[in-house]
Amino acid sequence: MNKTITILPGDGIGLEVVKATTVVLDKIADMYGHQFDYQYADIGGAAIDKHEDPLPQETIDTCKKSDGVLLGAVGGPKWDNHPKGIRPEQGLLGIRKELQLFANLRPVTGHESLTDSSTLRKEVVDNVDLMILRELTGGLYFGEPQERRQVDGEEAAVDTMQYKKSEIERIVRQGFEMAKLRRKQLTSVDKANVLESSRLWRETVEEVKKDYPEVELDHMLVDNAAMQLIRDPKQFDVIVTENMFGDILSDEASMLTGSLGMLPSASIGSTAPGLYEPVHGSAPDIAGEGKANPLATISSAAMMLKYSFDMQDEAAAIDRAVASVLTNGHRTGDIAKQGETVLSTEEMTEKVLDVLKN
Ligand code: IPM
Ligand code: MG
């Protein structure tokens, strides 16, 4: 098959991890007789530097003309105080909205050989296997108004948490569909004891549930969910939740696997292309030093093969290779224990290639 992939390296370690990932994708293309053509475009801080715009129209057009989008990371201290209030993150939020990527899949899969890297006890985290399904184009991130205003004669700020029923329904349906393919257990996370948007969320979940009698459903308040995730993560199969709750819970959940550097994600809508990115950020502290863990981005590419290209064997080959390098004890700095050899981004990528070749 011939596929065009838009690469958005973004900022910081984004550049390094997407580079590593294209090498792995090329290897896959080689092995399975595909051709992947890459087109590069600017996003985030890099785009601000070049175009004074975190998401140039050209980038949007390039993405829309491709079969899949692979993104590194955006942001960094350099752009924190832009005079016009332009922020790299607007590029990321903008592309999610432009491509209508309402469903963000963040699988949290423990690798047995990494359970020691987690700050939690081995028996709590080993074999953890859950999926966070985060709503990605609504809620506090996009609700209007979002502004500064005067209240009682002093400066105030307002953000708006808004959800239309149709927005809730489509993500919740995805949640049930996903649970159906897994262990048939869906946890919907909300704050229905306080928020009206959460009460609409919960009502809608109950309605959609009628179409999925085979899926076991429970509702959990977000504060309790945050606690349960570290108390007993294995109770979860699929978690479906709104945008900001999902943002917070997925960072928390990443620690179950030992490092934020391990978590891949897929953002998909009802039409192609999907966008694939690691959950981690641009890590300005180690940017350019060749220390970044490329595995989350490599695993994100595997999700692209699986969800956008329907290349199941190819995706599975990458997942197996990632698991195998970890089992063989190869470690980048973020997942190494004291005394273990620390590999560079490139060396880790080589290890993945070595396994793929065999
Ligand atoms: C994420 C990130 C982004 C988000 C930021 C960079 C805007 O934290 O993808 O989880 O909040 O969605
Ligand atoms: Mg986040």
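The values are calculated or read from the model by the stated rules, or taken from the named source; none is laboratory data. Every value quoted in this text rests on a predicted model; they were computed, and no experiment measured them. Note that we place each Cβ from the backbone using ideal geometry, even for glycine, and neighbour counts take in every protein chain shown.
Note on the range 79-109: among residues that are small (Gly, Ala, Ser) and touching a Gly at 6+ places or on another chain (Cβ under 8 Å), the one that is surrounded by the most Cβ atoms within 10 Å (Cβ to Cβ) is Gly91.
Pairs linking a residue in the range 257-269 that is over 16 Å from Val128 (Cβ atoms) to a residue that is buried (at least 23 other Cβ atoms within 10 Å of the Cβ) and basic (Lys, Arg), with Cβ atoms under 7 Å and 6 or more positions apart or on different chains, are Ser265/Arg106. The criterion of at least 1 residues that are of a type in the set (Lys, Arg) and under 19 Å from the mean Cα position of the chain (by Cα) is met, among strands (runs of 3 or more DSSP E) falling completely within the range 1-118, by 103-109. When the range 1-27 is filtered for residues that are over 26 Å from Gly333 (Cβ atoms) and in contact (Cβ under 8 Å) with a residue 60 or more places away in the chain, the ones remaining, listed by number, are Met1, Lys3, Thr4, Ile5, Thr6. The set of residues in the range 304-358 being surrounded by 17 or more Cβ atoms within 10 Å (Cβ to Cβ), of a type in the set (Val, Ile, Thr) and assigned to a loop (DSSP other than H, G, I, E, B) is empty.
Results for (1) in the same structural domain as Leu130 (by the TED database); (2) more than 14 Å from Leu133 (Cβ to Cβ); (3) away from ligand 1 (no atom under 16 Å from the Cβ), shown as yes or no for each residue.
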site	(1), (2), (3)
Gln174	yes, no, yes
Lys180	yes, no, yes
Leu186	yes, no, yes
Val194	yes, yes, yes
Thr204	yes, yes, yes
Lys209	yes, yes, yes
Asn243	yes, no, no
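Residues in the range 119-128 that are touching a residue at least 60 places away in the same chain (Cβ under 8 Å) and outside any loop (DSSP other than H, G, I, E, B): Val124, Val125. Out of curiosity, is Thr137 in a loop (DSSP other than H, G, I, E, B), loosely packed, with under 12 Cβ neighbours inside 10 Å and out of contact with any strand residue (DSSP E or B) (no Cβ under 6 Å at 6 or more places or on another chain)? Judged against the criteria, Thr137 is not a match. The strands (runs of 3 or more DSSP E) located wholly in the range 182-255 that include 2 or more residues which are in contact (Cβ under 8 Å) with a residue 60 or more places away in the chain and not acidic (Asp, Glu) occupy 238-241.
Yes or no: Lys78 in contact (Cβ under 8 Å) with a residue 12 or more places away in the chain, basic (Lys, Arg) and either on the phi > 0 side of the Ramachandran plot or touching a Leu at 6+ places or on another chain (Cβ under 8 Å) (or both)? No: the conditions fail for Lys78. Every residue in the range 270-303 that is assigned to a helix (DSSP H, G or I) and either touching a residue at least 24 places away in the same chain (Cβ under 8 Å) or within 16 Å of ligand 2 (Cβ to nearest atom) (or both), please. Answer for the range 270-303, where residues must be assigned to a helix (DSSP H, G or I) and either touching a residue at least 24 places away in the same chain (Cβ under 8 Å) or within 16 Å of ligand 2 (Cβ to nearest atom) (or both): Pro284, Ile286, Leu295, Ala296, Thr297, Ile298, Ser299, Ser300, Ala301, Ala302, Met303.
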